[in-house]
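The values are calculated or read from the model by the stated rules, or taken from the named source; none is laboratory data. Computed from a predicted model, the values in this text were never measured in an experiment. Glycine gets a Cβ as well: all are built from the backbone with ideal geometry, and neighbour counts include every protein chain shown.
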Amino acid sequence: MQTDRITQEAIEYIRSLFRGNADGHGFDHSLRVWRNAMMIAESEDCDPRIVSLAALLHDADDYKLFATENNANARQFLDAHGVTREDADRICDAVNAVSFSKNRGKCPETAEGRIVQDADRLDALGAVGIARTFAFGGGHGRPPEDSIGHFHEKLLLLKDMMNTEKAREIAEERHEFMEEFLREWDKETKIPET
Ligand code: ADP
Ligand code: NI
């Protein structure tokens, strides 16, 4: 995997940005999204430099964590590391296209945006997706049983929303794993008939 100088520096930047944050939007999530994105990028017609930095910085200005405007955190990093204005715009466009709320549910217009969106969605699936769901619920003071609904409301729908073929393949596997988990959950929590 490509880990040139600016990639390394972006990793260090988000490590310090997310320090102390454990709600599932942190450093580890961003690294996994980056890894997913680079894997998807191999089979897509795209600019991998843009994909790489957009993936690493995709939550750097998340409104739930930061009160920044106009991708200020991402832009500060990109400016300080000599990224051209044009490339910084492409990176921020991709980042802004990822978020469902900012993009009003539209499919991102660029290949790079579609790839990072898929990469972010993949991290809501599978074993990691299950762990994040309960971590999120717990963080909001909810017991595990209250988070089960989230699988049906959102997570089980994601495999049919992927933009790229590669992400669809990976999503399929992770989807099956979640269904297996839910079957086991039902089995273990079913109240025996009396
Ligand atoms: P993103 O903005 O990165 O798509 P969200 O903020 O929607 O992610 O969610 C972060 C994580 O918390 C995801 O894994 C998501 O599935 C989970 N999550 C979001 N909403 C809920 C909820 N109501 N109950 C349980 N888990 C949730
Ligand atoms: Ni994310």
What number of residues within the stretch 79-106 are within 16 Å of ligand 1 (Cβ to nearest atom) and surrounded by 15 or more Cβ atoms within 10 Å (Cβ to Cβ)?
7
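Out of the residues in the stretch 22-34 that are within 13 Å of D120 (Cβ to Cβ) and free of Cβ contacts under 8 Å to residues at least 60 places away in the same chain, which is farthest from ligand 1 (Cβ to nearest atom)? Let's see the steps before the verdict.
Taking the stretch 22-34 first, the residues within 13 Å of D120 (Cβ to Cβ) are 24-25, 29-34.
Remaining after also requiring free of Cβ contacts under 8 Å to residues at least 60 places away in the same chain: 25, 30-31.
On the way: H25: 6, S30: 10, L31: 14 Å.
By that ranking, first place goes to L31.
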Regarding the stretch 124-136, can at least one residue be identified that is over 14 Å from the mean Cα position of the chain (by Cα), near ligand 1 (Cβ under 8 Å from one of its atoms) and modelled with pLDDT of 95 or more?
yes
Among the residues listed as E12, E109, the single one being in a helix (DSSP H, G or I), more than 13 Å from the chain's Cα centre (by Cα) and either aliphatic (A, V, I, L, M) or surrounded by fewer than 21 Cβ atoms within 10 Å (Cβ to Cβ) (or both):
E12
Considering every residue within the stretch 17-30, establish whether at least one is outside any helix (DSSP H, G or I) and touching a Pro at 6+ places or on another chain (Cβ under 8 Å).
no
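If you go through the stretch 77-97 one residue at a time, do you hit one that is within 16 Å of ligand 2 (Cβ to nearest atom) and assigned to a loop (DSSP other than H, G, I, E, B)?
Narrowing the stretch 77-97 to residues within 16 Å of ligand 2 (Cβ to nearest atom): 91-92, 94-97.
Restricting the remaining residues to those that are assigned to a loop (DSSP other than H, G, I, E, B) gives none.
No, every residue in the stretch 77-97 fails to be within 16 Å of ligand 2 (Cβ to nearest atom) and assigned to a loop (DSSP other than H, G, I, E, B).
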For the stretch 151-169, name all the residues that are out of contact with any helix residue (DSSP H, G or I) (no Cβ under 6 Å at 6 or more places or on another chain) and in contact (Cβ under 8 Å) with a residue 60 or more places away in the chain.
E165
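If you check D61 against the conditions, is it closer than 19 Å to D87 by Cα, among the acidic types (D, E), surrounded by 15 or more Cβ atoms within 10 Å (Cβ to Cβ) and touching a Ser or Thr at 6+ places or on another chain (Cβ under 6 Å)? Don't jump to the end; show me each part of the working.
Details: closer than 19 Å to D87 by Cα: yes; among the acidic types (D, E): yes; surrounded by 15 or more Cβ atoms within 10 Å (Cβ to Cβ): yes; touching a Ser or Thr at 6+ places or on another chain (Cβ under 6 Å): yes.
In short, yes.
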Looking at A135, A124, can you tell me which residue is in contact (Cβ under 8 Å) with a residue 24 or more places away in the chain, under 18 Å from L182 (Cβ atoms), of a type outside the set (D, E, K, R) and not in a helix (DSSP H, G or I)?
A124
Taking the stretch 47-78 as the region of interest, how many residues are within 15 Å of ligand 1 (Cβ to nearest atom), touching a residue at least 60 places away in the same chain (Cβ under 8 Å) and under 18 Å from R5 (Cβ atoms)?
2
Regarding T164, is this residue of a type outside the set (D, E, K, R), in contact with a His (Cβ under 6 Å, 6 or more places away or on another chain) and crowded, with 18+ Cβ neighbours inside 10 Å?
no
For the stretch 138-174, how many residues are hydroxyl-bearing (S, T, Y) and not in a helix (DSSP H, G or I)?
1
